[in-house]
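Beneath this line is the structure, given in structure tokens, with notes to follow.
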Amino acid sequence: MIGGTYQNRVNTMTTPSEEQSCPVCGVTVINDVVQFANGSKGTRARLYARVCQYAKKPDCINQDQTLIGEVLQEDGFMEAPQINLGS
């Protein structure tokens, strides 16, 4: 199997109410609550807006739009403020 072992594949193909670990980015999802490596917990929509839509890997556990739900503007990263570098 390309991209992971059989055991990894079995662990990622669980129901949404169980613990899942993504073989692509390593994030953990427990009962649809995403535990990022740094910072606070989030939603599948936030994970999709910040990671999954760009990674586009076949083993990503967060590609089902019915589980992701609506992705809001605040789920993505905020625009950085402009920096005045002088004249």
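FYI, it's all coordinate maths here, none of it is from the lab. All values reported here derive from a predicted model rather than from experimental measurement. Counting neighbours? That spans all protein chains shown, and the Cβs are built from the backbone with ideal geometry, glycine included.
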Quiz item: Considering amide H positions built from the backbone, and no H for Pro or chain starts, which residues 5 or more places from residue 27, or on another chain, come under 5 Å of its amide H?
Solution: 22
Exercise. Arrange 61, 83, 68, 30 by Cβ neighbour counts within 10 Å, fewest through most, would you?
Key: 83, 30, 68, 61
Practice problem: Return 36, 77 ranked ascending by Cβ neighbour count within 10 Å, so the fewest neighbours appear first. | Solution: 77, 36
Quiz item: Applying the Karplus parametrisation 6.51 cos²θ - 1.76 cosθ + 1.60 with θ = phi - 60° to the phi angles of segment 47-64, what ³J(HN,Hα) value in whole Hz is obtained for each residue in order, glycine and proline being reported as x?
Solution: 4, 5, 5, 9, 10, 4, 5, 9, 5, 6, 9, x, 8, 4, 8, 10, 10, 7
Quiz item: In nm, what is the difference between 0.36 nm times the number of residues separating residue 30 and residue 70 and their Cα-Cα distance?
Solution: 12.5 nm
